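A short write-up of the structure that comes next.
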Amino acid sequence: MSDDRILRADVGVVGAGPGGMAAAARLAAAGLRVVVLDEGQRPGGQIYRQLPAGFVPKAPLAEPPSHAHGHHLLERFGAANVTTIHGAVVWDARPGQLWFEQGERSCLLQCQQIVLAPGAYDRTVPFPGWTLPGVTTAGALQVMVRGFGVVPGKRALVVGSGPLLLPTVASLLSAGVQVVAALEASTRWRALRALPGVLGNAARRSEAFWYAKTLLRAGVRLQWGWTVFACEGDGKVERAVVGKVDADGRPRRGTERTLDVDVVGAGFGLVPSVELGLHLGCRSVFDLPRGGHRLVVDSQQRTSTPGVYAAGEICGIGGAEVASAEGELAAAAILADRGGAAVPASLARTAQAERRAADAMLRAFVPLPGLAELAQPDTIVCRCEDITRQRAAQAAQLHGATMRAIKLGCRAGMGPCQARICGPSLQTLANHQRGAAAWAMDLPVVQVPLKPVRSATILEAPVGG
């Protein structure tokens with residue numbers, strides 16, 4: 001008897017961001033049956049996030065030049081003969097099989113090849129008051145403004161490090177929020193290292209000029225070598241204490257000043273979402289400029305696991321241009337491996353060029369080790385389990401300076417996020433104990449379910465072939 005919870009396709013794609021959409025559209029155009037599993041309610045991923053269907057914002061959101069490509073990609077994906085399952089949480093996998101939850105249904109997608117394009121997570125850096133309502137990651141602010149048309153407050157502070165700060169500032173400005181300050185922890189001189197890579201890429205050059213003009217028109221000046229030291233307020237954020245940091249990101253005490261704000265967006269870069277790839281047995285490597293552990297792929301996006309391909313942030317942080325180029329390349333590799341034409345050399349050259357430009361930018365914004373010193377002994381570092389820095393450090397002393405030991409010692413990282421959010425911060429504590437580099441990371445502990453799902457979903461899971 002057939003089970004309607006089991007779907008079949010030639011190719012299963014995880015993620016409907018730029019990489020997943022590009023791969024799916026190209027595969028479908030070649031006549032393959034493609035099913036895309038995406039946790040969002042509409043395609044686009046984080047960077048091309050769409051408002052809910054039928055929602056009309058009070059004022060159009062400002063968009064940088066790169067979003068023209070995003071609109072074209074969304075149109076191409078929408079016109080393709082692709083089955084997209086939204087609200088799908090992939091919680092287990094084997095080569096050729098993807099178990100997922102949608103609503104209260106436990107389903108299985110059986111396919112011949114898999115394309116992994118799950119994106120990334122915000123890198124968080126704990127500081128006193130970062131758990132107050134109104135303090136969010138830069139990515140969360142983008143979701144509020146671009147994904148739901150929410151105006152998060154009136155006076156905002158944007159802090160962190162890396163190219164994601166500028167899109168956050170632009171989104172807030174277009175929503176009518178006053179950005180009282182935009183603070184970049186890195187130095188201006190490090191950023192200058194990225195100039196050759198930016199100026200040598202026409203699309204990124206145009207993007208940089210657009211953001212510069214947007215901030216100039218709004219009277220917002222990016223302040224280099226500054227960050228947030230603490231947030232304060234009665235039940236919500238009302239003030240932010242900011243100050244200067246040295247070249248390594250360590251707070252320079254005595255430089256503090258206080259800003260009245262009701263929104264704080266903190267974006268310290270991204271961390272690749274590699275758990276699904278690791279569970280499928282794909283080889284990985286630690287690459288700090290690209291965000292941490294990333295999957296290793298060949299020149300045509302094949303992973304070390306036969307039948308599994310990867311594109312975008314899971315291969316290292318790079319942005320939408322990199323993800324879409326690698327999605328096209330992965331799709332072409334699948335078609336070639338299925339007996340089709342050889343992979344066009346132009347696709348590989350485009351993907352390589354986009355990676356080079358992205359890597360030039362990322363090297364200028366490598367996570368600063370001194371930022372780990374913002375957290376005080378009583379600062380919560382694991383929000384799911386309410387674990388403070390002091391308690392996590394004590395666990396590392398007693399049980400060992402590894403992520404697994406800290407988990408066993410105090411349950412840090414054992415909540416719903418499974419250390420996706422707190423992992424980098426907990427790791428810095430372990431590294432401090434053993435004298436390792438601040439942002440070096442142990443390989444993530446991966447176990448089923450890969451993401452939180454109902455117990456019934458696991459118990460009722462369809463049996464694969």
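So is LEU116 farther than 28 Å from GLY235 by Cβ, touching a residue at least 12 places away in the same chain (Cβ under 8 Å), within 23 Å of the chain's Cα centre (by Cα) and open to solvent by less than 10 Å² (accessible area, probe 1.4 Å) or not?
Against the criterion (farther than 28 Å from GLY235 by Cβ, touching a residue at least 12 places away in the same chain (Cβ under 8 Å), within 23 Å of the chain's Cα centre (by Cα) and open to solvent by less than 10 Å² (accessible area, probe 1.4 Å)), LEU116 qualifies.
Inside the stretch 216-235, can you point out the residues that are within 17 Å of GLY267 (Cβ to Cβ) and surrounded by fewer than 18 Cβ atoms within 10 Å (Cβ to Cβ)?
Listed by number, the residues that qualify are GLN223, TRP224.
From (1) touching a residue at least 60 places away in the same chain (Cβ under 8 Å); (2) on the phi > 0 side of the Ramachandran plot, pick out the condition that doesn't hold for THR84.
If we test THR84 against (1) touching a residue at least 60 places away in the same chain (Cβ under 8 Å); (2) on the phi > 0 side of the Ramachandran plot, just (2) comes out false.
Just one of the numbered conditions (1) open to solvent by less than 60 Å² (accessible area, probe 1.4 Å); (2) at negative phi is not true of ALA202; which one?
Tallying (1) open to solvent by less than 60 Å² (accessible area, probe 1.4 Å); (2) at negative phi, ALA202 fails exactly one: (1).
Just one of (1) more than 24 Å from ALA24 (Cα to Cα); (2) over 22 Å from the mean Cα position of the chain (by Cα) trips up ALA348, so point out which.
(1)
For ARG205, which of the numbered conditions (1) free of Cβ contacts under 8 Å to residues at least 24 places away in the same chain; (2) of a type in the set (D, E, K, R); (3) within 30 Å of ILE317 (Cα to Cα); (4) part of a loop (DSSP other than H, G, I, E, B) fails to hold?
(4)
Would you call GLN142 buried (at least 21 other Cβ atoms within 10 Å of the Cβ), polar (S, T, N, Q) and modelled with pLDDT of 95 or more?
no
Could you please find all residues in the stretch 126-139 being crowded, with 18+ Cβ neighbours inside 10 Å, more than 15 Å from LEU371 (Cβ to Cβ) and hydroxyl-bearing (Ser, Thr, Tyr)?
THR136 - this is the single residue of the stretch 126-139 that is crowded, with 18+ Cβ neighbours inside 10 Å, more than 15 Å from LEU371 (Cβ to Cβ) and hydroxyl-bearing (Ser, Thr, Tyr).
Do any strands (runs of 3 or more DSSP E) lying entirely in the stretch 1-113 carry at least 2 residues that are at pLDDT 95 or above and open to solvent by less than 20 Å² (accessible area, probe 1.4 Å), and which ones are they?
11-14, 34-38, 88-94, 97-102, 105-110
Regarding the stretch 237-257, can at least one residue be identified that is surrounded by 14 or more Cβ atoms within 10 Å (Cβ to Cβ), assigned to a strand (DSSP E or B), at positive phi and at pLDDT below 95?
no
For the list (1) outside any strand (DSSP E or B); (2) of a type in the set (A, V, I, L, M); (3) open to solvent by less than 10 Å² (accessible area, probe 1.4 Å), I need the number of the one condition that ALA353 fails.
(3)
Do you know which of the residues in the stretch 261-275 that are open to solvent by 20 Å² or more (accessible area, probe 1.4 Å) and touching a strand residue (DSSP E or B) at 6+ places or on another chain (Cβ under 6 Å) is farthest from PRO152 (Cα to Cα)?
This residue is LEU270.
For the stretch 168-216, how many residues meet the condition of being of a type in the set (Phe, Trp, Tyr) and in contact with a Lys or Arg (Cβ under 9 Å, 6 or more places away or on another chain)?
Selection size over the stretch 168-216: 0.
Can you tell me which residues in the stretch 272-302 are touching a Lys or Arg at 6+ places or on another chain (Cβ under 7 Å) and hydroxyl-bearing (Ser, Thr, Tyr)?
Within the stretch 272-302, SER284 is the sole residue that qualifies.
Need pairs with beta-carbon distance below 9 Å; first residue over 15 Å from LEU408 (Cα atoms) and part of a helix (DSSP H, G or I) and within the stretch 383-395, second open to solvent by less than 100 Å² (accessible area, probe 1.4 Å) and polar (S, T, N, Q); sequence gap 6+ or separate chains.
Once the first residue is over 15 Å from LEU408 (Cα atoms) and part of a helix (DSSP H, G or I) and sits in the stretch 383-395, its partners that are open to solvent by less than 100 Å² (accessible area, probe 1.4 Å) and polar (S, T, N, Q) give ARG389/GLN376; ARG389/THR379; ARG389/SER425; GLN390/GLN376; GLN390/THR379.
Return only the number of the condition from (1) small (Gly, Ala, Ser); (2) in contact (Cβ under 8 Å) with a residue 24 or more places away in the chain; (3) farther than 22 Å from SER346 by Cβ that SER304 does not satisfy.
The number of the failed condition is (2).
The values are calculated or read from the model by the stated rules, or taken from the named source; none is laboratory data. Values in this document were obtained by computation on a predicted structure and should not be read as measured data. Note: ideal-geometry Cβ built from the backbone for every residue, glycine included; neighbour counts use all protein chains shown. Accessible surface is based on the protein model in full, side chains and every heavy atom, while ligands, DNA and RNA are left aside. Shrake-Rupley method; radii C 1.70, N 1.55, O 1.52, S 1.80 Å.
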